[in-house]
Number of protein chains: 2
Amino acid sequence: MALIVQKYGGTSVGSIEKIRAVAEKVIEYHQQGNKVVVVLSAMAGQTDNLIQLANEISDDPDPRELDVLMATGEQISVALLAMAIKSMGYDARSFLGFQVAIHTSHLYGKARIYNIETGQIIEELKNNKIVVVTGFQGLDDQGDITTLGRGGSDTTAVALAATLKADVCEIFTDVDGVYTTDPNICPKARKLDMISYDEMLEMASQGAKVLEIRSVEFAKKYNVPIHVRSTFITERGTMVTAETKDMEKVLVSGVTYNKNEARITIKKVPDQPGIAFQIFEPVFRSGTIVDMIVQNTSEDGLTDLTFTVPKSDFYKTMKVVSGVAKKIGAEKVLGDENISKVSIIGVGMRSHAGVAKKMFGALAGENINISMISTSEIKVSCIIEEKYTELAVRTLHKAFGLDDEQKQEQ
Amino acid sequence: MALIVQKYGGTSVGSIEKIRAVAEKVIEYHQQGNKVVVVLSAMAGQTDNLIQLANEISDDPDPRELDVLMATGEQISVALLAMAIKSMGYDARSFLGFQVAIHTSHLYGKARIYNIETGQIIEELKNNKIVVVTGFQGLDDQGDITTLGRGGSDTTAVALAATLKADVCEIFTDVDGVYTTDPNICPKARKLDMISYDEMLEMASQGAKVLEIRSVEFAKKYNVPIHVRSTFITERGTMVTAETKDMEKVLVSGVTYNKNEARITIKKVPDQPGIAFQIFEPVFRSGTIVDMIVQNTSEDGLTDLTFTVPKSDFYKTMKVVSGVAKKIGAEKVLGDENISKVSIIGVGMRSHAGVAKKMFGALAGENINISMISTSEIKVSCIIEEKYTELAVRTLHKAFGLDDEQKQEQ
C-alpha cells in the first residue's frame, strides 16, 4: 500500500469522456489498496477561454481579479471528477486551494507555495476517500485567491507529495515520458527510464516542456520521486529521482536546443574595471534575463563582449546597449537573431574528461561553426547558426550513443 | 449619501458588453457619493451549462460537488465586473461567498443563510471601493461551498442589505417592476409603484416570478426596502416595503394565476376523527406539498375531501391516496389535471367586506364555474377550469379597477 499523488493535465481532463476515464484509472489505484490524492488542471481550452473573457473586458485585467477568474477552471475539473468517482460507487471529496489550505505568497498570477495544511486531506484518506485537489491555485495571507502561473499544477502536485510524504508523485500528461531529445526533429530519440533532478532541471530550462521547472526544484529539495507518464497508455514513463550510481555511467542523457535567444556583441570595449557593470546594470534593470556572456581576451586594452538574451527582449536590449556603448566609447554594437543554442546534458560528464571535445568534434564534422560556448558541471552549450539546429541535434544525439537503433531515420 | 446594495441577474451580466454597462451604472451611483455593494448572478446560460456538464457525468450528481461546480458561475461574473470597474479607473474588489464570509446551513443546493460577516466589506467601502459579491453561494460550518438554490442571489442581496443596514436593496432585472398581473395574458396590466411585503409574498408564491420568495421573507423580517427595476432603463420600478396607510386604500393590488396544480378528490370518506391525518400523513411523507384543502359538510357520516398538489406530484399522490382510500373504506378517488388557480391579492381587502363576493360575481358573469375557494386575510383564490384562466384574469383585472385605460386591449 502506498500514498500516491497523481496529477492530470488539461488534455487528460479535456472532456466528459476523458474525466470518466481518469476516474476509472484513479479507482483502479484505489482498489489496489493505495491512498490516492489527485491534482487536476483546468479542462483543456478552459484557461484560454477565461483569459479571452478577461481580455475582452480589459486590455490590462486587474491581477487579483484575474486570479479569481482563472481559479474557476480547476474548480470545475475537481467537482466533475469527484462526481464521476462517486457515481462509480467510490467515495471522493474535492478540495479547492483555499479549503486545503494551500498558503502562497500574494504575487497574483505567479504566487509561490509557502506551506500546505494537510490535516483534512489525511483525515479523508483515513476515511477511505479519494481526495481531489485543484492544482495551480492557493490562498494568500489576506484570504485572496492566488494562482501559481502556467504549469503550476505540477508544482501543486509535487508540493502536496512532499508535504504528505507520498511514495511517488505521478505526473500524467499527453506524452509518455522524458526523451533524450525532441522526437519531432530527431526520430531516433529514446524515452529515458530514469533521469536525475539536475538533468531534468537542465532539460526543462533548455526547452523541454514536459515538467514545470519549479516543480522539479521542489521535488529535488524534498526528494520527491516524480513519475512522468502518459494518461492514455499504461506503460511506465520516466522516473525523475535523486542521482544514482547507475546514472553516472551514462556520459550524456539528453540533447536540447533553444531557438528563442538572440546574440548581442559590443566591439572594442575599453577593458577597464567596472565596465561589465556599466553595461549590464541597465540591461538587468530593464527586466531582461541575460543567458550566456563571453568576454574575449583583451588586445591593446580593448575587448569584445558578447551575450545572449531572449529573442523577445532583443530590440529593447539593443537600444539600451547602444546607448551604453556610446557612453563608454566602444566601437559598435552588433546583433544577430538567427542563432540557436544546442546543449548536451548528463551527470556522467562530471567524471569524464573530453565530453566537450567530442561535442566540438561532432559539430565540426558537419561543418557547423560554434560562436559561443558555455559549460556547467553537467552541461555543455554551444551557440550556432539557427539553420543548423536540427542537424546539430541529430549529430550530437548519434555521437553520444543516444540513438534508438531500432527506429528508422525518417 | 446612501449605502446601496444592488443585485444584477443573469441576463443583466449575460455578455461582456452587458457587464461593461453594469460597471458604468455602478460607477454612476458611486460618483453620486453612494457606497455601493453589488451582488451578481452567474452570466445567463452559465448555470445551465454547468448543470449539463454535471448531468453528462452522472444521472444523479453528488450534491456537495454540484455546489462546488455551480459556485464557479458567480465567481466568473464578479471577477469580470471588478476588472471592468477597475479598467474604468475606479477601485473595486470582488468577494466570493467564503471570503465575505456568508455562513449557511449545509443543505447543499438549498442552503439557508445563517449570518454574514461584514467587517471586510465595511472596511473596503471605507477605502472608497466598490464591493462586488457573489450571489447564490455561501460556506457551511464544515468549510464546504453551498448554494442557495434558484433565485438565491436575490436572497444574498437582501440578506447583505439587512446585515449592512443598507438604505435600499435594488434588484435589477429584465422586467421594469412588479405588475398588477401577467402582461402576457392581460395587456392592460399596470406596473405598481409600491407593494407591501405581504402582497409581494402572495404574488411570488402565486406564480409571479419577479422576486425569489425567500428574499421577500427576509426583507420583511428585517424591514429592507426592495426596489425592483430594469437594468436596461433608468425609470423607477416597484418599491416593495412595509405596509403604508396608502396601500390600504386600494382594494386589490394584483391578480395572479397558477396552472401548475392538479386536484384530487376522495369521495365518501367516513367522517371520523383522525381520518385527515391518515390521508395526508403518507402524502406529506412522500415530499408532496399540498396547497388547498376543502372538506364538505358531512352527510350520512360520509364526506368528500378535495385538495390540490403540484402537477409534477400528481401521479405519485394519486397512487398514495388510492391506497389510503381503500384502507379507510372511501368510495373512490378522482383526479383532475385541467385546473388552474386564480387569485386576487391586496392588503386593502382586510378592511373591506364584499371583495370575495365581487370576485365570484365577476367570474359568474363570464360563466366560469368555481370548484374550490380558499381565502386568507389578503387573498382570495378560486380553482377553475384551466381553459378559462386567461379570461378569468382579464375579467378580475377589470372588475377590480386595475386596467390601465391608456393601453389598448390586443
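The values are calculated or read from the model by the stated rules, or taken from the named source; none is laboratory data. Model, not experiment: these values are computed from the prediction. Quick reminder, even Gly has a Cβ in these numbers, built from the backbone with ideal geometry, and neighbours come from all protein chains shown.
Of the residues making up region A:134-146, those that are within 12 Å of chain B (Cβ to nearest Cβ) and surrounded by 18 or more Cβ atoms within 10 Å (Cβ to Cβ) number 6. The residues on offer are A:210, A:216, A:228, and the sole one that is more than 19 Å from residue A:379 (Cβ to Cβ) and either of a type outside the set (Lys, Arg) or crowded, with 18+ Cβ neighbours inside 10 Å (or both) is A:228.
Any residue at all in region B:23-32 that's within 14 Å of chain A (Cβ to nearest Cβ), out of contact with any Gly (no Cβ under 6 Å at 6 or more places or on another chain) and closer than 14 Å to residue B:173 by Cα? Checked against the condition, which is being within 14 Å of chain A (Cβ to nearest Cβ), out of contact with any Gly (no Cβ under 6 Å at 6 or more places or on another chain) and closer than 14 Å to residue B:173 by Cα, region B:23-32 yields no hits at all.
Of all residue pairs spaced 6 or more apart or on separate chains, those with beta-carbon atoms under 9 Å, a first member in region A:323-336 that is among the β-branched types (Val, Ile, Thr) and a second member that is surrounded by fewer than 16 Cβ atoms within 10 Å (Cβ to Cβ) and in a strand (DSSP E or B) are A:328/A:270; A:333/A:267. In region B:44-72, which residue that is closer than 14 Å to residue B:135 by Cα and not in a helix (DSSP H, G or I) is farthest from the other protein chains (Cβ to nearest Cβ)? By that ranking, first place goes to B:44. Taken over region B:347-373, the criterion of being touching a residue at least 60 places away in the same chain (Cβ under 8 Å), over 22 Å from residue B:195 (Cα atoms) and not aliphatic (A, V, I, L, M) is satisfied by B:371 alone.
Taken together, A:97, A:73 contain a single residue that is crowded, with 24+ Cβ neighbours inside 10 Å, in contact (Cβ under 8 Å) with a residue 60 or more places away in the chain and either within 16 Å of residue A:156 (Cα to Cα) or basic (Lys, Arg) (or both), which is A:73.
Of the residues A:260, A:223, the single one that is within 30 Å of residue A:304 (Cβ to Cβ) and surrounded by fewer than 17 Cβ atoms within 10 Å (Cβ to Cβ) is A:260. Scanning region B:17-68 for residues that are of a type outside the set (Asp, Glu) and closer than 24 Å to residue A:78 by Cα yields a total of 22.
Residues checked against (1) of a type in the set (A, V, I, L, M); (2) touching a helix residue (DSSP H, G or I) at 6+ places or on another chain (Cβ under 8 Å):
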position	(1), (2)
B:194	yes, yes
B:220	no, yes
B:230	no, no
B:243	no, yes
B:253	no, yes
B:261	no, yes
B:268	no, no
B:273	no, no
B:278	no, yes
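Being at negative phi, more than 27 Å from the chain's Cα centre (by Cα) and not charged (D, E, K, R) is a property that holds for residue B:90.
For region B:81-131, a residue qualifies if it is at the interface with another protein chain (Cβ under 9 Å from one of its Cβ atoms), assigned to a strand (DSSP E or B) and either of a type in the set (A, V, I, L, M) or over 16 Å from residue A:64 (Cα atoms) (or both), and exactly one does: B:92.
Scoring residue A:370 on the criteria (1) in a loop (DSSP other than H, G, I, E, B); (2) farther than 21 Å from residue A:305 by Cβ; (3) of a type outside the set (Asp, Glu) leaves a single failure, condition (2). Return yes or no: is residue A:109 modelled with pLDDT under 95, surrounded by 18 or more Cβ atoms within 10 Å (Cβ to Cβ) and at positive phi? No.
If the condition is being in contact (Cβ under 8 Å) with a residue 24 or more places away in the chain and within 14 Å of another protein chain (Cβ to nearest Cβ), then region A:1-17 contributes A:13, A:14, A:15, A:16.
Select from region B:179-209 the residues that are touching a residue at least 60 places away in the same chain (Cβ under 8 Å) and either outside any loop (DSSP other than H, G, I, E, B) or assigned by TED's automatic domain parsing to the domain that holds residue B:403 (or both) and list them in ascending order.
Step one: filter region B:179-209 for residues touching a residue at least 60 places away in the same chain (Cβ under 8 Å), giving B:179-182, B:185-190, B:192, B:196, B:198-199, B:202-203, B:206.
Correct list: B:179, B:196, B:198, B:199, B:202, B:203.
Among all residues of region A:238-257, there is none that is touching an Asp or Glu at 6+ places or on another chain (Cβ under 9 Å) and free of Cβ contacts under 8 Å to residues at least 40 places away in the same chain. Summed over region B:33-43, residues that are part of a strand (DSSP E or B) and within 14 Å of chain A (Cβ to nearest Cβ) total 2. Per the listing B:156, B:146, the residue uniquely outside any strand (DSSP E or B), under 25 Å from residue B:204 (Cα atoms) and not aliphatic (A, V, I, L, M) is B:156. Only one of the listed residues (B:154, B:167, B:144) is under 18 Å from residue B:62 (Cα atoms) and in contact (Cβ under 8 Å) with a residue 24 or more places away in the chain. That residue is B:144.
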